[in-house]
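Written below as structure tokens is the structure these notes are about.
The values are calculated or read from the model by the stated rules, or taken from the named source; none is laboratory data. Computed from a predicted structure; not experimentally measured. Backbone-built Cβ (ideal geometry, glycine too); neighbour counts: all protein chains shown. Note: areas computed on protein heavy atoms with side chains; ligands, DNA, RNA excluded. Shrake-Rupley method; radii C 1.70, N 1.55, O 1.52, S 1.80 Å.
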Amino acid sequence: IDGRTVDVKRATPREESDRGGERGGRGGGERGGGDRRGGYGGGGRGNRDEQSANGDTEDKIMRKLFIGGLNYATTEETMKEYFERYGGLDDCVIMKFPDSGRSRGFGFIMFEKSEMVDKCQLDRPHQIDGKTIETKRATPKSDVRKPESQASVKKLYVGNLSDDISDSDLKEYFSRFGDVTSVEQMRWNDTGKKRGFGFVEFNDHDPVDKICLLGRHHVGDRRLEVKKALSKQEMELLKRQRMDEEFSQSRGGRDGGMDRGGMERGGGM
């Protein structure tokens, strides 16, 4: 074209998980009547348990941590020795480039019990070999391609609420996961009646990650729907970032820029 040879390649279609995320975004919109704070674009109610521990606090995903920002000289032995102060480890791995064997600067650990993860997260920030590292609950493999799975937010969307569930009921329940700073149930402007959804905000993102990973939550006889609360604008930004990452990988950048990317937090162990 215009005297230049161009490269043509079949475009990779969006994954089913991305399309599911778009459908799931309606969950917040329908309950929120277009409330932008409820515009979460994650999986809908139909597949919640496929991406969570389904209420099992000792499920593998509840005992696994992503470790990012590692010093490239840090070894698995050093990392294991550091984290064993919080309890026994079932596994410890640093991801490496297959050609050179050099560290990629991130890895995973899996504790023997989920309470050890809680202790470790409460003791942030962590430092190994003179470098402050990131510790974050690992993303399930079924969720790694969902852009919102990597987001760190302090606000939780809570759906499927009944009229008799009070703000104090929600605060009492969710306080077991962390310090609740606010609870808000949305109401119709004209009638003042509850709209069946609301938001719970914490002083840290880790309780939100844990709640979403655990998956199954009940207040009274009501099973709640829980998701990270992200605005439509935030979801669109995350989707664009995800598409940029996938394009970079398809152009040969799979081994580059992965310290905080989507694939590493769900795999590797």
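Just a few scattered comments:
Yes or no, residue by residue, for (1) at pLDDT 75 or above; (2) surrounded by fewer than 18 Cβ atoms within 10 Å (Cβ to Cβ); (3) not in a helix (DSSP H, G or I):
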| position | (1), (2), (3) |
| --- | --- |
| Pro207 | yes, no, no |
| Met243 | yes, yes, no |
| Asp255 | no, yes, yes |
| Glu264 | no, no, no |
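- Single residue of Gly39, Gly29, Gly46, Gly25 found to be touching a Ser or Thr at 6+ places or on another chain (Cβ under 8 Å), closer than 30 Å to Lys194 by Cβ and at pLDDT below 95: Gly39
- Selection status of Tyr86, farther than 13 Å from Arg137 by Cα, open to solvent by less than 60 Å² (accessible area, probe 1.4 Å) and either of a type in the set (S, T, N, Q) or in contact with a helix residue (DSSP H, G or I) (Cβ under 6 Å, 6 or more places away or on another chain) (or both): yes
- Counting only strands (runs of 3 or more DSSP E) that sit completely within region 114-161, those holding 3 or more residues that are open to solvent by less than 40 Å² (accessible area, probe 1.4 Å), of a type outside the set (Phe, Trp, Tyr) and within 30 Å of Met243 (Cβ to Cβ) correspond to 131-137, 155-159.
- Single match in Glu115, Glu81 (criterion: at pLDDT 95 or above and closer than 25 Å to Asp179 by Cα): Glu115
- Contact map, region 76-102: residues that are farther than 17 Å from Pro125 by Cα and touching a residue at least 12 places away in the same chain (Cβ under 8 Å) paired with residues that are in a strand (DSSP E or B) and open to solvent by 90 Å² or more (accessible area, probe 1.4 Å), Cβ distance under 7 Å, separation 6+ or inter-chain. Pairs shown: Arg102/Lys96.
- Pairs, first closer than 23 Å to Asn54 by Cα in region 122-146, second open to solvent by 60 Å² or more (accessible area, probe 1.4 Å) and not in a loop (DSSP other than H, G, I, E, B), C-beta under 8 Å, six or more apart: Ser142/Glu50; Val144/Met263
- Among the criteria (1) hydrophobic (A, V, I, L, M, F, W, C); (2) modelled with pLDDT of 95 or more; (3) in a loop (DSSP other than H, G, I, E, B), the one Leu230 does not fulfil is (2).
- Residue count, region 86-96 (criterion: part of a loop (DSSP other than H, G, I, E, B) and touching a strand residue (DSSP E or B) at 6+ places or on another chain (Cβ under 6 Å)): 1
- In region 209-225, residue farthest from the chain's Cα centre (by Cα) [restricted to those that are open to solvent by 50 Å² or more (accessible area, probe 1.4 Å) and touching a residue at least 24 places away in the same chain (Cβ under 8 Å)]: Gly220
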